[in-house]
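Please treat every number below as a calculation from the coordinates, not as lab data. This structure is a prediction, so every number in the text was calculated from the model and none was measured. Cβ coordinates were reconstructed from backbone atoms using ideal geometry, including for glycine residues, and neighbour counts include every protein chain displayed.
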Amino acid sequence: MNKIDFIMTFTVSNANPNGDPLAGNMPRTNASGFGEVSDVCIKRKIRNRLQDNGFDIFVKSKERSDDGCKSLESRYKNTFKGKMTDEELEKAFNEKWIDVRGFGQVITYDKRSIGIRGPISIGIAKSLNPVSIENMQITKSINGMEAKADKGASSDTMGMKYFVEFGTYIVQGAINAYFAEKTGFGESDVDAFKEALRTLFVNDSSSARPDGSMEVQDIFWFEHSCPVGNVSSAKIKNLVKWDESDEHKCYEDYNIRIDEEKLKEYEGLGLKLTVIKGL
């Protein structure tokens, strides 16, 4: 297996792509007003899509647990009963769970300390322009808690809802061939991961992210001809260009494209690009 780089773009329309718990669950932004989606959030969605597609996942969210386990420790103890060396346990973890051999995992159960370094790295998604965050005051039609004797409504009937009016986000990642070999992350796993990216927001709707409000647009999939890569990931990132303006209202306005001159140079070194459209 050789190194792979990928760059994905997606759009957000009247949705909260990733709430910040330290800011009243407002959509994440940096100090300059650019929208952000954490790498943890993106990995959670990838795990969910892999689980939807029939793969066994170790780090399952609580509401998606389908094996009766309410913690990672209980999942570990229910899976491994006998005595095993650290090397045997690491191998078993990688063989059983695709997210472990993809993203890695720290095993700290039964007084162990095993670090599995996964081959997939994903950065923080960032909007191409500063985003406009809108807010809406909402009310419940019924009390969530008993109201005080002198009041007809409890305090939890009022609330705020925040959303990004529109934004186009970009995120970069890579698959390290060396760590893929160590964890056993093979070509079939790469295909499963690629499909999870393509369908990232399928079965992911909520009141903060209604169906159709988030859409994967393009995945630029770069395959190198050697394990270490033909060019650096930094140079790959600089291949993607777009028109900068504060007036963009839809994805097409950005005119996102590849620097064809540089790409031709890198293709001469063995790089191959495939453009994948999101679902």
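Taking Cβ atoms as reference points and 14 Å as the exclusive limit, the residues near N14 contribute a net charge of -1, counting Lys and Arg as +1 and Asp and Glu as -1. Each listed q (0.12, 0.19 Å⁻¹) maps to a log10 I(q)/I(0) for the range 1-137, found by the Debye formula over equal Cα scatterers with no solvent: -0.63, -1.16. Could you identify which residue out of Y109, Y251, Y178 has the top mean-square fluctuation in a GNM of the chain using Cα springs shorter than 10 Å? Among Y109, Y251, Y178, the largest GNM mean-square fluctuation belongs to Y109. Calculated FRET efficiency, K62 to E165, Cβ-Cβ distance, R0 = 30 Å: about 0.45 to the nearest 0.05. Under 5 Å from the amide H of E165 lie the amide H atoms of N14, S132, E134, each residue being 5 or more positions distant or on a separate chain, with H modelled from the backbone and absent for Pro and chain starts. Projecting the alpha carbon convex hull of the range 4-277 along each direction and taking the average yields 18.6 nm². Among T85, T183, T11, the largest mean-square fluctuation in a Gaussian network model of the chain (Cα springs under 10 Å) belongs to T85.
Checking the cross-link pairs K96/K126; K182/K277; K45/K83; K96/K262; K60/K272; K45/K96 against a 29 Å limit on the alpha carbon distance flags K96/K126; K182/K277; K45/K83; K96/K262; K60/K272 as lying beyond it.
Put a plus charge on the Cβ of each Lys and Arg, a minus charge on the Cβ of each Asp and Glu, and nothing anywhere else: the dipole of the chain about its Cα centre is then about 960 debye.
When the chain is treated as a GNM with alpha-carbon contacts under 10 Å, the residue of G268, G159, G184 showing the greatest mean-square fluctuation is G159. The string of couplings for the range 35-51 from the Karplus curve (6.51, -1.76, 1.60, θ = phi - 60°) is x, 9, 10, 5, 5, 5, 4, 5, 5, 4, 5, 5, 4, 4, 5, 4, 5 Hz, one whole number per residue in order, with x for Gly and Pro.
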